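What follows is calculated from the coordinates using simple rules that are stated; it is not laboratory data. The shown structure was predicted, so the numbers you read here are calculated from the model rather than taken from an experiment. Every residue, glycine among them, receives a Cβ derived from its backbone with ideal geometry; neighbour counts consider all protein chains shown.
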Amino acid sequence: MSALLKHRELALAIIIALMIAGIGTYAPAFVSFGNILRVLNDTSILAMLALAQMIVILTRGIDLSTASNLALSGMISASLAQNSPDLPVIAYIAVALATGMLLGLINGSLISILGIPPIVVTLGTLAIFRGLIVVYGGGNQVNASEMGDVFQNFPKLNIFGLSSIFWIMAGVAIAIWLFLNMTRTGRALYAVGGNPVAARYCGIDLGRQQLLVYVLAGAISGVCGYLWVSRYGVAYSEIASGFELTVIAACVIGGVSIAGGVGSVTGTLLGALFLGIIVNALPVMQITPFWQMAISGAVILAAVVVNARAEKRGVKLILPEARRAAAGAQ
Amino acid sequence: MNPSHENPPPNGGGTVLSLGGLSKSFPGVRALRDVSFDLKAGEVTALIGENGAGKSTIVKILTGIYVPDEGQIAVNGKPVRFSSPRDSWGAGIAAIHQETVMFDELNVTENIFMGHMPVSGTKLVDWQQMRRRATELLKRIDADFSPDAKLKQLSVAQKHMVEITRALSHDASVIIMDEPTAALSRHEIDDLFRIVAQLKSEGRAIVFISHKFDEIFHVADRFVCLRDGEKVGEGLIAEVTEPKLVSLMVGRPIDQVFPKRDIAIGETVLKVEGLSNATEFADIAFELRRGEILGFYGLVGAGRSEAMQCLFGMTPALTGSVTLHGQKVTIASPADAIAAGISYVPEDRQQQGAVLPFGIRENVTLASISQHVKNWFLSKPSELDTVRKLGTRLDVRAAHWEQTLGELSGGNQQKVVIAKWLAAKPKVIILDEPTKGIDVGSKAAVHDFIGELAEEGLAVILVSSELPEIMGLSDRVVVMQEGRIVSVMSRGSWSAEAIVSAATGARKAA
Amino acid sequence: MNSPKRAAVADAGPRNLADGLLRWESILVLLLAIVIAGNTAISPYFLDIYNLSDATYNFSEKALVALAMALLIIVREIDLSVAAIIAVASLATGLAAQAGLPLPALFLAGPLVGIACGMVNGFLVTRLALPSIVVTIGTMSLFRGIAQVVLGDQVINKYPAGLTTIGQSYFIKWPPLPYSFVLFLAAAVVFAIVLHKTAIGRKLYAIGNNPMAARFSGIPVDRIRFWLFVLTGLLAGIAATLLTARIGSTRPNIALGWELDIITMVILGGVSIAGGSGTIPGVVLAIFILGLITFGLSLINVPGIVISVILGCLLIASIALPIVIRKLLGRRA
């Protein structure tokens, strides 16, 4: 058991497998190939946002504005489609991405240049970004019928049974994995979160890293904004409201330490998948969707308890017999 | 190059780094004034001075954390400017810091190469090359751990080795060691000195900062002495004596002899029996009498602080009993201990002792705050009364009693922390490394004060890793080793050799 | 410092006018004056005593919780689950009403459930040593989730008049003061006295500035933290009763997003998110500023979501401006 806890990702993967098996025996339809693909498609936006949140949390930060960013970027992209429905789809994505990046830049600048705590800044921008949707759109919503086909067809694109949203998520995950594990800057993020003072002595500039992660997180939120709006076919001020907490929950379940410096792409993806399965399994299990929130709350609590147990530092081993016992146990 | 020395260097190396007229001010403080000296290849230069003399300012300038207001730095004769740690690193200067500042969650290889990881043609990190080089470097200093180990699994000494390897990874020509031995055991210190000798023979210039004179005389070739931000002397170690260095540091001769006061020892105050917890200490038993100073000696990590913190109620005990004035007491929390009349001045002043953003008054009354409650409310006059009395008695140097502790020197912070514990009116006071990291002047004041406390009838436990301090002040000394008491010796029948061999002896046999 | 001669140590430092003016509370007083002046200029209805009294309804319940939240943040904790506690406490009030319990039980149900929720938070944070931000994100889902499970898409809106009059009438007729506002003012006075004049307050600041040193000083850090979570739960429960009485209905999404409004009040009030500093007068001033801006803007028909943009900007600007000014003045970092 203790060895399992050390490999948190493996433990989580096993729990997910057991969970799927459990649901499968109760409702065989859930484990059908088609349904699994549907769960993956459904979870992709959450997974992307969780990855974005993870790189922020790695630096001891937090981005509470991620869902508001998504909503605003999605709205701007949708209203572009409303006005010019015949642009190539890449234009809509680019607009959402650019908006998201700009919003991320605002967060990042306030945090890195002025040194305001991330939770304060993003608490503020959480309200501001969402409010700007109303200021921008005059409180109107953009409906599916106004968006045009180009805008709406992209997420319906199917490649090997999986939607384009999934493939974008896969691309983002691979890119972030490469970035975190194979570049100097990526490793520096772990350093900044693990020990900011030491990172400074290593010549790593905390401000630059912060700016980078918030812009990156913003960009991903922006793209998710387009994907969300085009998938669900509506853009208004309340979309994805409160979703930032689900995103943070996925990170926590995936083993990302809120204290910074600890977290992996695999863990975060599994954390998102875990929540995705619960959301999708409830209707199959004929449980009312009203259970969803309570269950995810309980799961988050269970995950933090388990993670904290795994992380807990042992007392010092000074007595020779204690040292021998510890050595024998390994 | 700057030919400021008349003396020929012992190893005949050239000047690697020269500092010319460095000055640095902070609001209200002149941290460094016109300091110049050279570092030569293959030499160990000891940088000495009291706390606040400007040593850390020099380290921070050399590592690119601070930019000097005036003066130049030249590396191999070429003037350089460091505006970030990266610049200094690039110029071949590496520092090993007081408390290891590294990344617990990352592995050894990453810790060595953080900030300068090798990349392949595609700009991606070259893990293979990095791991290979880490293995080589670790082998060079005979490290006995894997490059894949997570840093948090290593001991403090091993972490120091990682830092040294980090300096080597960059082929640094100047290596600054800022109190590298502070947390090491004797055996580990020997290991460190072996590595220093090796670095010397490779022609690197080493800056060695330590408060321990035996180490300085053992390892350094040259010294540079600072006082109040100015250089007050430099020369060859072979040509000075310890008293000479001390008087250079403090500007006046210091009585290094501890005057042991003649105090009548009274009845037994505290009796501890069979105190154990699961992994840190076992069977701790001793008696402490009125007016007595009981020394606790041992290597760092022998379990002394752990046992004391348990006695003070910070951590739960597995077994054991504590008797105060003949009555069994149950101590489940520090509040219980304070109520029973036990005070504990912890080792880590910054983390455990002082509340730095608080003023002196609020710090001094913190552990005895209920004494100052009058009709539900805190009485500031009552607080000030206590603070004035104790602050004056401990000779706290400050502008006013509301001054925040963060603004005081380490020595004065320590005096305030001790005052806090005296305000709790203890019968037994436990002092855990009370002079660690404070300057020579404050140290003497604290020593003097410990004697005074015993004279007033307090029972004192003195935990210290400094043998002269233990032998100078204690009536009896308890020696701990690997979590157990291995010997108890009395003044008159002890010797330094006997104490040290009791503290280290069995380790080799085990 | 090395001079053997020592100077006498003064009792207190010199009083500095500039320091006094730069105090956060002074800035807030100025801000409050600007808000009142601005509102008066914009709308003739602003200074109407009945309008102002009605305005207090909008913030009194949140303000009550903000007082406890301020103490939590001072000791380096946070409770994101307060709005969810309000939901589940309101649910308890509703169930009590459906069961036809007597009036005192209706008043007790919310606070009791609030206390229970606070105990859950406190237990997880102090006993299991978990970070409170993560714990309360979890309990936030859990508590509101419970309300959703029980209520589904139902609404409880049959409350006895004994309850609703408390929420909709005045404690005294002139000046017209609603019960919730009076309760908030009374609580604010108690909190200010406890935090600034008693040993408990000193202990809270000690914990916030250095929890380790506080423990070594004999302060029962974990016990205090636990009871602060319980206190926050209790006040959230009371707020739930007041809110339920005022609007006369309970839905699963009641008080949704309030946790952010409450934290905004506390931070604007000058409580450092890093713990260890902040005052109750500061928080009270911030509550009035936020409440009156909201009220003033709604008088001139600015939509709620736009008001939240303005409040968000205010929060960031209020924290950013002092930093910018300090940077420009080149004062100590």
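For region A:1-153, a simple Cβ point-charge model (Lys and Arg +1, Asp and Glu -1, everything else neutral) yields a dipole of about 520 debye relative to the Cα centre. When +1 charges are put on Lys and Arg Cβ atoms and -1 charges on Asp and Glu Cβ atoms, the dipole computed for chain C relative to its Cα centre reaches about 1120 debye. Residue by residue, region B:296-304 carries 3J(HN,Hα) couplings of 10, 10, x, 6, 4, x, 8, x, 5 Hz when phi is fed to the Karplus relation 6.51 cos²θ - 1.76 cosθ + 1.60 (θ = phi - 60°); x denotes Gly or Pro.
In this rough spin-label picture, where each label sits 7 Å from Cα along the Cβ direction, the A:ASN181-A:VAL197 distance is 3.2 nm. Shape summary: chain A maps onto an equivalent ellipsoid whose semi-axes, from the alpha-carbon gyration tensor, are 35, 27, 16 Å in decreasing order.
Which pairs, out of B:LYS380/B:LYS443; B:LYS55/B:LYS443; B:LYS55/C:LYS327, put more than 20 Å between their alpha-carbon atoms?
Details: B:LYS380/B:LYS443 31 Å; B:LYS55/B:LYS443 18 Å; B:LYS55/C:LYS327 28 Å.
Pairs exceeding 20 Å: B:LYS380/B:LYS443; B:LYS55/C:LYS327.
What is the angle, in °, between the Cα long axis of helix B:156-169 and the longest principal axis of the Cα atoms in chain B? Nearest 10 is fine, range 0 to 90. It is inclined by approximately 10 degrees.
Distances between every pair of Cα atoms in region A:131-280, grouped in 10 Å steps from 0 to the bin holding the largest one, split as 9, 31, 32, 20, 6, 0 percent. Structure note, pairs B:LYS40/B:LYS159; B:LYS260/B:LYS389; B:LYS212/B:LYS271; B:LYS152/B:LYS271; B:LYS159/B:LYS425: Cα-Cα distances above 29 angstrom occur for B:LYS212/B:LYS271; B:LYS152/B:LYS271; B:LYS159/B:LYS425. Going from the fewest other Cβ atoms within 10 Å to the most, the residues C:ILE323, B:ILE61 appear in the order C:ILE323, B:ILE61. When +1 charges are put on Lys and Arg Cβ atoms and -1 charges on Asp and Glu Cβ atoms, the dipole computed for chain B relative to its Cα centre reaches about 560 debye. 3J(HN,Hα) couplings calculated from phi for region B:260-267 with the Karplus curve 6.51 cos²θ - 1.76 cosθ + 1.60 (θ = phi - 60°) are, in sequence order, 7, 6, 8, 10, 6, 8, x, 6 Hz; Gly and Pro show x. Suppose R0 equals 41 Å. What FRET efficiency, 1/(1 + (r/R0)^6) with r the Cβ-Cβ distance, do C:LYS327 and B:ASP171 give to the nearest 0.05? With R0 = 41 Å, the Cβ-Cβ based efficiency is 0.60. The value given for region B:331-414 is a Kirkwood hydrodynamic radius of 13.7 Å, derived from the mean inverse Cα-Cα separation. Take the Cβ atoms of A:ALA13 and B:ASP34, set R0 to 45 Å, and the FRET efficiency comes out at 0.10. Computed from the alpha carbon atoms alone, the convex hull of the protein assembly as shown holds 199 Å³ per residue.
Bridgeable lysines around C:LYS173 (alpha carbons under 27 Å apart, same-chain partners fewer than 8 residues away excluded): C:LYS62, C:LYS158. Which length gain, in nm to one decimal place, applies between A:ALA170 and A:GLU238 when the Cα-Cα distance is subtracted from 0.36 nm times their residue separation? Here the answer is 21.8 nm.
A crude spin-label estimate for the pair A:ASP86 and C:VAL194, with each label 7 Å from Cα along the Cβ direction, gives 6.9 nm. Backbone geometry of region A:215-228 corresponds, through the Karplus equation with coefficients 6.51, -1.76 and 1.60 at θ = phi - 60°, to 3J(HN,Hα) couplings of 5, 4, 4, x, 4, 5, 4, x, 4, 4, x, 4, 4, 4 Hz, x marking Gly and Pro. Taking other C-beta atoms within 10 Å as the exposure proxy, A:GLU146, B:GLU239 rank B:GLU239, A:GLU146 from fewest upward.
Of the trypsin sites (Lys or Arg not before Pro) in region C:74-180, the ones in a loop by DSSP (not H, G, I, E or B) with at most 11 other beta carbons within 10 Å are C:LYS158, C:LYS173.
Taking amide H atoms as placed 1.01 Å from N in the peptide plane, the amide H of B:ILE141 has no partner under 5 Å among residues 5 or more positions away or on other chains.
Please name which of B:GLN481, B:THR404, B:ALA423 has its Cα lying farthest along the dipole of region B:402-510 towards the positive end, using unit charges on Cβ (Lys, Arg +1; Asp, Glu -1) and the Cα centre as origin. The one lying farthest along the dipole's positive direction is B:GLN481. For the pair C:ASP54 and C:LYS158, label points projected 7 Å from Cα toward Cβ lie 3.0 nm apart. Going from the residue with the fewest nearby Cβ atoms within 10 Å to the one with the most, C:LEU95, C:LEU142 rank C:LEU95, C:LEU142. Across the alpha-carbon atoms of region C:204-327, the computed radius of gyration and Dmax are 17.7, 55 angstrom. Between C:LEU80, C:LEU256, C:LEU321, the residue with the greatest mean-square fluctuation in the GNM of chain C (Cα pairs under 10 Å linked by springs) is C:LEU321.
Applying a DSSP loop filter and a limit of 12 other Cβ atoms within 10 Å to the chymotrypsin sites (Phe, Trp or Tyr not before Pro) in region A:115-170 leaves A:PHE160. For peptide B:346-353, the mean count of partner chain Cβ atoms within 10 Å of a residue's Cβ comes to 4. Can you compute the FRET efficiency between C:LEU30 and B:TRP376 using 1/(1 + (r/R0)^6), with r the Cβ-Cβ distance and R0 = 45 Å? Round to the nearest 0.05. Efficiency, from the Cβ-Cβ distance: 0.85.
Share of antiparallel DSSP beta bridges in the protein assembly as shown, in percent to the nearest 5? Of those bridges, close to 60 percent are antiparallel.
First select every other residue whose beta carbon is under 14 angstrom from the beta carbon of C:ALA236; then total the charges, Lys and Arg +1, Asp and Glu -1.
Working: positive: C:LYS62, C:ARG144; negative: C:GLU61, C:ASP79, C:GLU259, C:ASP261.
Summing Lys and Arg as +1 and Asp and Glu as -1 gives -2.
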